[in-house]
Amino acid sequence: MNITQNFYDDLAPQYDKLFEDWNTVMHEQADILERIFTEYGFSHEARVLDCACGIGTQAVGLAKHHYPVTASDISAGALSEAKERAMENGVKIRFEQADFCSLQNTFEEQFEIVIAMDNALPHMLSTESLSMAVRSICSSVCPGGIFVASIRDYDRLLEEKPPYSPPYIHSTDKGQRVSFQTWEWDDNIYQLTQYIIEDEDTLHTSKFQCKYRATRRDELTSILLSVGFSEVAWKFMNETGFYQPIVVAKK
């Protein structure tokens with residue numbers, strides 16, 4: 001089991017604590033994605049593969065919008081949480097445990113839309129591993145289909161290499177919850193430490209660690225075009241309302 005699997009297996013039961021209201025975010029992000037899908041000419045009949053589904057934030061929302069959704073993740077813990085949330089929301093989703101570096105080992109079919117949101121691709125710690133992942137994803141997109149992904153704005157972050165992210169402070173029924181990340185940089189790779197502090201009846205602190213590679217938009221664009229996508233466009237928060245830059249690659 002690799003560091004990414006461990007990170008998400010451990011974090012999965014508490015992942016929703018990173019949001020003030022997970023259900024609200026789930027609906028908001030589904031609305032954003034639906035607008036992008038519609039812009040590219042896809043109806044609700046388009047088959048969607050969320051190849052880094054986590055606890056189902058995008059997959060469940062899209063299923064509630066009546067898209068036929070398949071969801072996969074490398075983390076069994078995250079998949080377990082996603083299945084529970086799909087059940088709670090009354091939606092049917094096909095779930096599979098799969099590494100997005102080798103999707104063809106799990107899925108024989110192709111999809112009109114494949115997504116990988118919330119900075120999933122920068123878990124690839126080299127150009128070679130990122131290329132392998134994008135090639136695998138491209139193989140799961142049918143001709144004329146699209147791949148939609150979001151990553152942090154590393155073009156900006158690499159200018160300063162900040163040591164932490166601003167904290168999120170959320171009120172709860174019993175007090176407050178604070179979540180923040182520290183980033184320890186080694187060139188363009190950084191170790192992320194996620195803290196969740198719950199100051200309620202008692203004080204409880206959780207800590208999770210993982211590594212990312214700060215991936216510039218030009219590099220990802222070049223890789224997308226090299227593996228078989230014909231068009232690549234970047235969309236930013238002022239256009240989409242999403243908290244990270246989104247790339248849309250058409251096959």
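The values are calculated or read from the model by the stated rules, or taken from the named source; none is laboratory data. From a predicted model like this one, the values you see are computed outputs, not experimental measurements. Neighbour counts are summed over all protein chains in view; Cβ atoms, including those assigned to glycine, are modelled from backbone coordinates with ideal geometry. The accessibility values were calculated without ligands, DNA or RNA, using every heavy atom of the protein model including side chains. Shrake-Rupley method; radii C 1.70, N 1.55, O 1.52, S 1.80 Å.
Note on the range 154-200: residues that are under 21 Å from ARG216 (Cα atoms), of a type outside the set (Gly, Ala, Ser) and without any contact (Cβ under 8 Å) to a residue 24 or more places away in the chain amount to 14.
Taking each residue of the range 91-108 that is surrounded by fewer than 19 Cβ atoms within 10 Å (Cβ to Cβ) and looking for partners that are of a type in the set (Asp, Glu) and assigned to a strand (DSSP E or B) with beta-carbon atoms closer than 7 Å, six or more apart or interchain, yields GLN97/ASP73; THR106/GLU96. Taking the range 167-203 as the range and being of a type in the set (A, V, I, L, M, F, W, C) and either within 22 Å of VAL25 (Cα to Cα) or open to solvent by less than 40 Å² (accessible area, probe 1.4 Å) (or both) as the test, the residues that pass are ILE169, VAL178, PHE180, TRP183, LEU192, ILE196, ILE197.
Each row is one residue, and each column tells you yes or no for (1) touching a Pro at 6+ places or on another chain (Cβ under 9 Å); (2) within 30 Å of SER206 (Cα to Cα); (3) surrounded by fewer than 19 Cβ atoms within 10 Å (Cβ to Cβ).
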residue	(1), (2), (3)
ALA12	no, yes, no
ASP16	no, yes, yes
PHE19	no, yes, yes
ASN23	no, yes, yes
MET26	no, yes, no
GLU34	no, no, yes
VAL48	yes, no, no
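Among the strands (runs of 3 or more DSSP E) confined to the range 1-120, the ones with at least 3 residues that are within 20 Å of THR240 (Cβ to Cβ) are located at 111-116. Here ARG152 passes the criteria (1) surrounded by fewer than 14 Cβ atoms within 10 Å (Cβ to Cβ); (2) closer than 24 Å to MET237 by Cβ except the one numbered (1).
Among the residues making up the range 94-127, a single one is among the charged types (D, E, K, R) and under 13 Å from the mean Cα position of the chain (by Cα): ASP118.
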